Each structure stands twice: as C-alpha cells, then as structure tokens.
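These notes concern the structure reproduced below.
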Amino acid sequence: MAFSSFRDFVEALDKSGELKRISQPVAPELEITELANREMKSPAGGKALLIEKPTVNGEMSPFPVAINTMGSWKRMAMSMGADSVDDVAAELGALLKAKPPTNLRETVKLLGTALEMRHAKPKRVSNGPCKEIIHKVESAELRVESWPPAPDWKNPTTFRSPLSTLLNLPILKCWPLDGGRFITLPCVVTHDPDTGERNVGMYRIQIYDEGTAGMHWQLQKVGARHGRRYYETGTRMPVAIFLGGDPVFPFAATAPLPDGLDEFLLAGYLRKKSIELVKCETSDLEVPANADFVIEGYVDPREPLREEGPFGDHTGYYALPEPYPVFHITAITHRKDAVYPATIVGIPPMEDFYMGGASVKLFLPVFKMNFPEIVDIALPAEGVFHNLVFVSIKKTYPMQAYKIMHGLWGMGQMMFTKYIIVVDHDVNVHSTSDVLFRLCANTDPRRDSIFTKGPADVLDHATSEIAVGSKLGIDATKKLPGEGFHRRWPPLITMDEAVRKRIDALLGASR
C-alpha cells in the first residue's frame, strides 16, 4: 500500500501494535538516543517510538519525532506495504526472470524495465501537502496554504511560524561527542549537470547555524560525483533534502541500485503507485509532493570546505572531523501535521541492520543473475552493513569461491566489504554460528585465503589511508582436487532420516 504521509505510516504501526508512544517531554539532545538505543537492542528490534513532546530550546516542539520505525522485519515489510520482505524480493525476482540478461548492462536495463512494468514513472504535479507552509529564507516570511487550495485562495496569511529556522526542528544530537545536531534520515536530491539524471541519496546533515549545514556526501557516493562536476565548472549546485512522506523513500535512498536507475522508480514499484513530484520553491529540483519536510538550498563550489563531525557512526565508533561542502538553506516547506522522522546509528544491532538486510534480500535476484551459483547472501549485524559478508554457493568447479569474491567486490557498495566468507549451498548464512563452524572446520588459512586491495569506506577508521584499504576473502567450501586438495573429504555428521522421523513421532505422541 502507499502511505500519503509519514504520519499515516506511524498510525498504521500504532494499529498493528508496533508503536510505543512517549508522552513525557524528551530532549533531542542525547535523551531520544538513549530511549531509541534501548528499544533497538530489545529482542527482534523492539517497537517504533513516537516522541510526542520533544523539546527544542527548552520549549515544546509542534512536531513529534518518530524513530525506529523500520527497526524490525515486520516494520520493514510494512513500510513496503507487504507481509514480508521475502515476498517483495520474490515478486521482483519473478519479473526479472522474464528475460535473463547476459551481462551487467543488460541486467541494469532489465531491472529498470521490470520496475516500469508495474507502475508508471514518477509524475509531476503543480502542488502538494509538502507546501502547506512555505518559509523562504531570503524573505523570512511564511505563507500558510491549504491543500487542496481553497476557492478564495488569493491572499495568503503571513506570520511567524514556530519553524522559522532549522534550529527549531527537533533535530537530534545523538551521542555525547557529536559535533552538533544531525539530520539522520534525510533523502538528498541532486542532478547530474551533464546528463540531467537524478539521484536520491542519504547523507547525514550537520546543523551549523540557522542557515547552513554540513553536507556529508562521501567520496564514492553519487551525490559527491555530481558535486565534483559543479566544482569543475564553478557553478552553484542546487540541492534539496526531504524528510518523511512515504516510508519507502529512505529505503530507496539507501538501496544499492545500479548507477543510472532512479530511486523514485524503485519507490513507486514498492508502494504500488507512482510518485508525485513537485518542483522546489527556489530551484528546479523535484521532491515528493507528500513529503513532511523539504529543505531547499545549494552548495557553492567557490566556498571553502568546512569541518564536519565528529559523529557517532554506524561503525560503532565516532567518525572524526573531516572537511565537507557547506549547504546553504534557501527555503523550508512542510506539512501542517508533519512528523519528524529520525534514526540513530552506533554499536549494532540498530535500526539500519534491518534496512541493510532488506536491501540484500531485495537485490539478491540481481546478484543471482550475474552469479547464478549464489544461493544466499547475509550481512551480519556485527559487520555493520558491508564489513563482513557471508555467501553460500552451489559449487561445481575449482576456484569458484574466488570468482564470487572478486565479482562481489566489483559491484557497487560491495567494494567496501573487508571480509567475504564463501560457504557451500547447504549452510545457512543467516546463522553466524553455522558459518563460523564451517570456517573453522573447512579451511587451511594459507591455502584458502586471499588478500587484495581496493576502495574502503571513508568511515573506516582502521585503514592507514582514508578510503583505501585491503580485503580478505576466505573459501570455506568443500575442497576439490583441482584446488590442491588430494585427501578424501570426510562426511558431515548427520542422523539417519528414518530415525529422526521415528523420534519425532515418539515425542509427538508423548505430549
């Protein structure tokens, strides 16, 4: 189903018993993080939280804060309007099987076609709920509009709103050593100045003051690539940030889509309804008409970079200060009944574990198209997304595990993976215990390991140089003679199936 606002999603969580309401005043500085962290580390991800009375500058904010809304498999599926993430993955996989591709380029084309088969491309509309209240920074005035517009709409009322600047939003300071308050669930819209292609990414935003913020787009991200073209030409780069709206938006912004595919296309596919886009007030960028908040602005390439951070990151450590572009705010628009969506990251497990896991499930059919021997892939929580990857394969020839390692390291954000462990098809990669058992039992460290070099996550504090590191691949599969193994491979200990069934019947009869 499609949600018309983030408030609609929160209400759906409430009706399904997936929401806890916090009615006492809670400060966005550290207190919301402590509440959310305890909930995220509860069994199965706990519940979503709605902070009904967040305080900003000692006063009650008119905007409640929703957090941990996608921090369980059930809530992740609900955000996609499905009973389970596996159901969504299976449906996408069935579409992709209509015409198997022969190379990566055909895979990308087929994925785009599959998404468009179900729903039309995003469509443009003239107005939307995200513009019920408009604040243009240069005029410091607010226009209150109704949606749809009233018949006598001619002279909008001008007044001072509680949201006069970014500083009045319930933006979190997550951890004690953070460099300030950070928007943690932003969808950042940029355009390639050469091709016009749109990208929706998620990069944390540090609030510097009422009109500027830090734009933390990392070196290898698409937004940074767009930015480099503007820096080369010296022209001002328009940027738009939106929060809320349909909950599929933040998932689509973080999904490992092949370069060139529109994230709004994926969002429309998931919500079973095309996205309505409205033009920004101060640029030609387009944002979802049903967003809860929109923050418009620009990055000026002639301006020096500014130090951003520290920030308590998904690695479980603080990301130390580094220079990043400054984002200048030109307008803020929002719904009258807006809900401020947020998340926190830190020592796992956190909400992002479920978002990352859903991405793997959804795009596993794409991986299988390029590597048909893959059975399953898992990203354990301890690997904080891509540091550690478990892969099971149907092995049929020598050195096949190494083919998979190199192939995965060459696919999008998998280039950041530090450790890949490949196991046989009968191993449950979602059981870390099962994988470690095979790792210890089936490997000779020197023979079955490979070191290589490649790009590293800029947030990885362990590398000697930023964004450059090494990788380790381990083949924990059964070894073949062609791999230098000339002994007999022993069978795994298992019970006779007939005996198992007899004992099952015996225990069932005794209950």
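Go through region 301-399 and name the trypsin sites (Lys or Arg not before Pro) that are in a DSSP coil and have 11 or fewer other Cβ atoms within 10 Å of their Cβ. Display every interim value, and only then the final one.
On the way: sites: 302, 306, 335, 336, 361, 368, 394, 395; in loops: 302, 335, 336, 394, 395.
Those that pass, being in a loop and sparsely packed, are 302.
When the inverse distances between all different Cα atoms of region 291-428 are averaged and flipped, the Kirkwood radius reads 18.2 angstrom. Along region 275-290 the Karplus relation, 6.51 cos²θ - 1.76 cosθ + 1.60 evaluated at θ = phi - 60°, assigns HN-Hα couplings of 7, 8, 10, 10, 6, 5, 6, 10, 7, 8, 5, 10, 10, x, 5, 9 Hz to successive residues, with x for each Gly and Pro. Once you have a ≥ b ≥ c as the square roots of the Cα gyration tensor eigenvalues for region 427-511, tell me rounded if a/c is under 1.5, and otherwise prolate or oblate according to whether a/b is larger than b/c. Verdict is oblate for region 427-511. Scaled to the globular estimate 2.2 N^0.38 Å, the Cα spread of region 278-366, given as radius of gyration, is 1.42.
Taken over the Cα atoms of region 188-229, the convex hull encloses 75 Å³ per residue.
Size of region 256-304: Rg and Dmax of its alpha carbons, in Å, are 13.8, 43. Sequence-ordered 3J(HN,Hα) estimates for region 246-253 from the Karplus curve with 6.51, -1.76 and 1.60 and θ = phi - 60° stand at 5, x, 6, 4, x, 5, 4, 5 Hz, glycine and proline given as x. For residue 124 and residue 136, the difference between the fully extended length at 0.36 nm per residue and the C-alpha to C-alpha distance is 2.1 nm. Multiplying the residue separation of residue 236 and residue 382 by 0.36 nm and subtracting their alpha-carbon distance yields 48.5 nm. Using only the C-alpha atoms, the convex hull of the chain corresponds to 179 Å³ per residue. Only alpha carbons enter this Debye calculation for region 197-268, each as an equal point scatterer, and the log10 of I(q)/I(0) it gives at q = 0.11, 0.14, 0.21 Å⁻¹ is -0.30, -0.49, -1.05.
Rolling a 1.4 angstrom probe over the protein heavy atoms with all chains in place gives region 293-400 an accessible area of 34 Å² per residue.
Each label was represented as a point 7 Å from its Cα along the Cα-to-Cβ direction; for residue 486 and residue 27 these points are 7.1 nm apart. Based on C-alpha pairs under 8 angstrom that are at least 6 apart in sequence, region 293-409 has a relative contact order of 19 percent. Each peptide in 435-443, 16-24 receives the mean, over its residues, of other Cβ atoms within 10 Å, and ordering these scores from highest gives 435-443, 16-24. How much of the accessible area of the chain, in percent, comes from carbon and sulfur atoms when a 1.4 Å probe is used? Its accessible area is 55 percent carbon and sulfur atoms.
Excluding ligands, DNA and RNA, the accessible surface per residue across region 1-73 is 44 Å² with a 1.4 Å probe. Its Cα gyration tensor gives region 352-401 an equivalent ellipsoid, and the semi-axes of that ellipsoid, as √(5λ) in whole Å with the largest first, are 22, 13, 6.
Which value in nm describes the separation of the simple spin-label points at residue 320 and residue 441, placed 7 Å from the Cα toward the beta carbon? Computed distance between label sites residue 320 and residue 441 equals 4.3 nm.
The slack between residue 192 and residue 434, meaning 0.36 nm per residue of separation minus the straight C-alpha distance, is 82.7 nm.
Values of log10 I(q)/I(0) for region 363-494 across q = 0.16, 0.20 Å⁻¹ run -0.80, -1.21, by the Debye formula with one identical scatterer at each alpha carbon and no solvent. Seen from residue 371, the other residues with C-beta closer than 13 Å to its C-beta sum to a net charge of +2, counting Lys and Arg as +1 and Asp and Glu as -1. Please compute the net charge surrounding residue 167, taking Lys and Arg as +1 and Asp and Glu as -1 over other residues with Cβ under 13 Å from its Cβ. Neighbourhood net charge equals -2. Distance from the alpha carbon centroid of region 27-101 to that of region 337-376 works out to 12 angstrom.
Output the pairs from 20/53; 394/471; 394/501 with a Cα-Cα distance over 18 Å in this structure; if there are none, say none. Pairs exceeding 18 Å: 394/471; 394/501. Near residue 42, no amide H atom lies under 5 Å from its own; only residues 5 or more places off or on other chains count, and H is placed 1.01 Å from N. The simple Förster model, with R0 at 35 Å and r as the Cβ-Cβ distance, assigns residue 472 and residue 20 a FRET efficiency of 0.30.
Could you sort 124-130, 272-278, 53-59 so that the peptide with the highest average Cβ count within 10 Å comes first and the rest follow in order?
The packing order, highest mean first, is 272-278, 124-130, 53-59.
Proximity of backbone amide H atoms, modeled 1.01 Å from N, is registered between residue 469 and 454, 456 at under 5 Å, excluding neighbours fewer than 5 places apart on the same chain.
With both residues required to sit in the chain, DSSP beta bridges show an antiparallel share near 75%.
The values are calculated or read from the model by the stated rules, or taken from the named source; none is laboratory data. This is a predicted model, so every value here is computed, not measured. When we count neighbours, we look across all protein chains shown, and the Cβ atoms used for this are built from the backbone with ideal geometry, even at glycine. Only protein heavy atoms, including side chains, enter the accessible area calculation; ligands, DNA and RNA are left aside. Shrake-Rupley method; radii C 1.70, N 1.55, O 1.52, S 1.80 Å.
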